[in-house]
Amino acid sequence: MEVFLQQLINGLTLGSIYGLIAIGYTMVFGIIGMVNFAHGDVFMLSAFIALIFFMLIASWFGAALIVVALILVLVLAMFFTALWSWAIERVAYRPLRGSFRLAPLISAIGMSIFLMNFVQVVQGPRNKSTPPMLNKSITLIESATYSVQISYKQIAIIVTTAVLLAIFWYIVQKTPLGRAQRACEQDRKMASLLGIDVDRTISITFIMGAALAAVAGVMYLVLYGVVSFHDGFVPGVKAFTAAVLGGIGSLPGAVIGGLLIGLIEVMWSAYFTIDYKDVAAFCILAIVLVFMPSGLLGRPEVEKV
């Protein structure tokens, strides 16, 4: 039981990171129907931005004010990652919005390769590491053979995900921006006729998704303390899997899907073999989609004739 509880905590922590990335996928797909395959590399880019700013702040002020430094790094990473995502949408996606459906997809794959190679050239191919952060932990259960612990960084990741999900759900459901986003999701042409600035709404959606990916990048850096230029592909694919599993277009579904992917991955690694943890997650996705094609919280599309 102690081992199960510890792996449950680890799985929720990893799943929270996947969930934050998955929200960006589901928001963009919900509005323009495009899978932004560069989103995983935007997450990787945000981790490098956070690493650079953290090392600069640590060199200026020392490691004493670690919490203040992390908050400042989080704000800066969200701003610069959102700026990158805005530029990507303007350059790579907006000119192709009216073309055939595969054009934006090909552009997204090309942008993913560009970001990966750009970071490799600028930062080098080796792993970049940070000093250990927030390593203190709280012992929940103590036994003669095993102790269940939760670290401060795990608490921070889980709480941050819950708070951001609540904030973004409120924005989408209760604010004029959210109404504009939902209108664009239903019918972009009609939304434009009703006075909604569709281009501005889509750009803001990309910015919001990138800001969440930046939070995930900072949390990833805090959790593992190391990042590499190829760390965007696999987490990006798993986050997209989480968005599909939870129901593409649903913000709570994206987070629930991320938590499930994280739990499956961690539990499989703990009780079976780590070699097939990715296979297990994708097999669960296939099984769910066979019986629930719209995902756990997704709504089936109704085509009007």
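Restricting attention to segment 1-43 and to residues that are among the aromatic types (Phe, Trp, Tyr) and either assigned to a helix (DSSP H, G or I) or open to solvent by less than 20 Å² (accessible area, probe 1.4 Å) (or both), the residue that is nearest to residue 272 (Cα to Cα) turns out to be 4. I'd like the residue in segment 261-300 that is outside any loop (DSSP other than H, G, I, E, B) and among the charged types (D, E, K, R) and, out of all such residues, is farthest from residue 186 (Cα to Cα). My answer is 275.
Taking the conditions exactly as written (of a type outside the set (Ser, Thr, Tyr), at pLDDT below 80 and either touching a strand residue (DSSP E or B) at 6+ places or on another chain (Cβ under 6 Å) or farther than 21 Å from residue 166 by Cβ (or both)), does residue 244 satisfy them or not? So residue 244 fails the test.
Per the listing 227, 234, 215, 222, the residue uniquely open to solvent by 40 Å² or more (accessible area, probe 1.4 Å) and within 16 Å of the chain's Cα centre (by Cα) is 234. Within segment 151-163, none of the residues are in contact with a strand residue (DSSP E or B) (Cβ under 6 Å, 6 or more places away or on another chain), open to solvent by 40 Å² or more (accessible area, probe 1.4 Å) and modelled with pLDDT of 80 or more. When restricted to residues that are under 13 Å from residue 30 (Cβ atoms) and open to solvent by 20 Å² or more (accessible area, probe 1.4 Å), segment 174-186 contains 4. For the condition at pLDDT 80 or above and either touching a strand residue (DSSP E or B) at 6+ places or on another chain (Cβ under 9 Å) or open to solvent by 50 Å² or more (accessible area, probe 1.4 Å) (or both), what is the one hit in 290, 305? Just a single option satisfies the conditions, and that option is 290. Applying a threshold of 7 Å to beta carbon distances and a minimum spacing of six or more residues, or different chains, the list of pairs starting in segment 133-157 at a residue that is more than 17 Å from residue 68 (Cα to Cα) and ending at one that is surrounded by 15 or more Cβ atoms within 10 Å (Cβ to Cβ) and modelled with pLDDT under 80 reads 151/134.
With respect to residue 189, determine if the residue is assigned to a helix (DSSP H, G or I) and either open to solvent by 70 Å² or more (accessible area, probe 1.4 Å) or modelled with pLDDT under 85 (or both). Yes, satisfied.
Checked against the criteria, residue 11 does not count as of a type outside the set (A, V, I, L, M), within 15 Å of the chain's Cα centre (by Cα) and modelled with pLDDT of 85 or more.
The values are calculated or read from the model by the stated rules, or taken from the named source; none is laboratory data. Note that the coordinates shown come from a computational prediction; the quantities given were computed from them, not determined experimentally. Cβ: placed from backbone, ideal geometry, glycine included. Neighbour counts: every protein chain shown. Areas reflect the complete protein model, heavy atoms only, side chains present, ligands, DNA and RNA absent. Shrake-Rupley method; radii C 1.70, N 1.55, O 1.52, S 1.80 Å.
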